[in-house]
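Engineer: This is the structure I have questions about; it appears just below.
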Amino acid sequence: MAKHIELLTKQVAAARLGLSVRRVMEMSMDDKFTRHRAFDPVTNRDAVMFDAAEIDAYKAQSTPAAAPRLLAPAAEPIAEFDLDDDGRGSGRLWLTLAEASGYSGLPVSHLLAAIDSGELGARDVGVRPGGHWRVRRLDLDAIEAKRKGARSPRN
């Protein structure tokens, strides 16, 4: 008698695990999950699917237990950040585009254009809260200094 298994699309498996589809596919290549090829009635194509029991077992196994308690609190803070009046830590080295806009006074559209042109260096951190670009404060300061230098009268 054939064993009946429930198959999940890679998108559903990723949602169950709270991971990206890309990460689930990487994990399947590392033999964490068995990939199955099956017909997906939604897309009308063969698709990569995963066994629901394997996904649920992995999720149960990887769910962390309660975090261990520290024996004593740290004597000093590990790092300190300068906080603005609105409490958004502009003392951080890397800022989201919204934070960079608030810090520099430049609109987000200008910052994106500067990133595209290469005038402003930025890191693509993938899909994260706050967008996928992070900009260094030093680079924003350099752009501001360049703008002020261009506006100053020459003697």
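Please treat every number below as a calculation from the coordinates, not as lab data. None of the values given here were measured: they were computed from a predicted structure. Backbone-built Cβ (ideal geometry, glycine too); neighbour counts: all protein chains shown.
Engineer: Taking the Cα centre as origin and putting +1 on Lys and Arg beta-carbons and -1 on Asp and Glu beta-carbons, what dipole magnitude results for the range 7-62, to the nearest 20 debye?
Structural biologist: The calculation lands at about 180 debye.
Engineer: Related question: Compute the length gained on full extension between Phe39 and Ala60: take 0.36 nm times their separation in residues and subtract their Cα-Cα distance, giving the result in nm to one decimal.
Structural biologist: Working: separation 21, 0.36 × 21 = 7.56 nm, distance 2.77 nm.
Computed gain between Phe39 and Ala60 is 4.8 nm.
Engineer: Once amide H atoms are built 1.01 Å from N in the peptide plane, which residues 5 or more positions from Leu120, or in another chain, come under 5 Å H to H?
Structural biologist: It is Ile115, by chain and number.
Engineer: Hey, can you grab everything whose amide H is under 5 Å from the amide H of Asp40? Only 5+ residues off in sequence or another chain; H modelled, so Pro and N-termini drop out.
Structural biologist: Sorted by chain and number, the residues that satisfy this are Arg45, Asp46, Ala47.
Engineer: Could you name the lysines in cross-link range of Lys32, using Cα to Cα under 16 Å and dropping any fewer than eight places away on the same chain?
Structural biologist: Lys10, Lys59
Engineer: Just need the relative contact order of the range 7-62 here, percent rounded to a whole number, with Cα pairs under 8 Å and 6+ apart.
Structural biologist: It comes to 39 percent, rounded to a whole number.
Engineer: Give the residues of the range 98-129 whose amide nitrogen is closer than 13 Å to a point set 7 Å from the Cα of Val21 in the direction of its Cβ.
Structural biologist: None, by backbone N distance to the label point.
Engineer: What is the packing order of peptides 3-15, 34-46, taking the mean over residues of other C-beta atoms within 10 Å and listing the highest first?
Structural biologist: Details: 3-15: 15.3, 34-46: 10.5.
Going by the mean number of other Cβ atoms within 10 Å, highest first, we get 3-15, 34-46.
Engineer: Continuing with this model, one more query. Determine the relative contact order of the range 94-149: mean sequence separation of Cα pairs under 8 Å and six or more apart, normalised by residue count, in whole percent. Walk me through the numbers on the way to the answer.
Structural biologist: On the way: 61 pairs, mean separation 22.3, N = 56.
With pairs under 8 Å counted, the relative contact order is 40 percent.
Engineer: Using θ = phi - 60° and the Karplus relation 6.51 cos²θ - 1.76 cosθ + 1.60, list the HN-Hα couplings for the range 99-115 in order, rounded to whole Hz, with x at every Gly or Pro.
Structural biologist: Karplus values, whole Hz, x for Gly and Pro: 5, 5, 5, x, 6, 8, x, 8, x, 4, 4, 5, 5, 4, 5, 5, 5.
Engineer: Follow-up question, since we're still on this one. Karplus couplings for the range 131-141 from phi (6.51 cos²θ - 1.76 cosθ + 1.60, θ = phi - 60°), rounded to Hz, Gly and Pro as x?
Structural biologist: With the stated coefficients, the range 131-141 comes to x, 9, 9, 10, 10, 6, 4, 4, 5, 5, 5 Hz.
Engineer: List, in order, the whole-Hz ³J(HN,Hα) value for each residue of the range 20-37 obtained from phi through the Karplus relation with A = 6.51, B = -1.76, C = 1.60 and θ = phi - 60°; use x for Gly and Pro.
Structural biologist: 7, 4, 4, 5, 5, 5, 4, 5, 5, 6, 8, 6, 7, 10, 8, 8, 10, 9
Engineer: Show the residues, 5+ positions off or on another chain, whose built amide H is closer than 5 Å to the amide H of Trp133.
Structural biologist: Leu97, Val125
Engineer: Once the piece of chain linking Val125 and Val12 is laid out straight, how much longer is it, given 0.36 nm per residue of separation minus the C-alpha distance between them?
Structural biologist: In short, 38.3 nm is gained.
Engineer: Using 0.36 nm times the number of residues separating Ala113 and Lys146, minus their current alpha carbon distance, what extension gain do you get?
Structural biologist: So the chain would gain 10.3 nm between Ala113 and Lys146.
Engineer: For Arg92 and Lys32, FRET efficiency with R0 = 30 Å and r from the beta-carbon atoms, rounded to 0.05? Please report the intermediate quantities before stating the final value.
Structural biologist: Working: r = 34 Å, r/R0 = 1.13.
Efficiency, from the Cβ-Cβ distance: 0.35.
Engineer: Could you please report the charge total around Glu54, scoring K, R as +1 and D, E as -1 over all other residues with beta-carbon less than 15 angstrom from its beta-carbon?
Structural biologist: Once positives and negatives cancel, what remains is +1.
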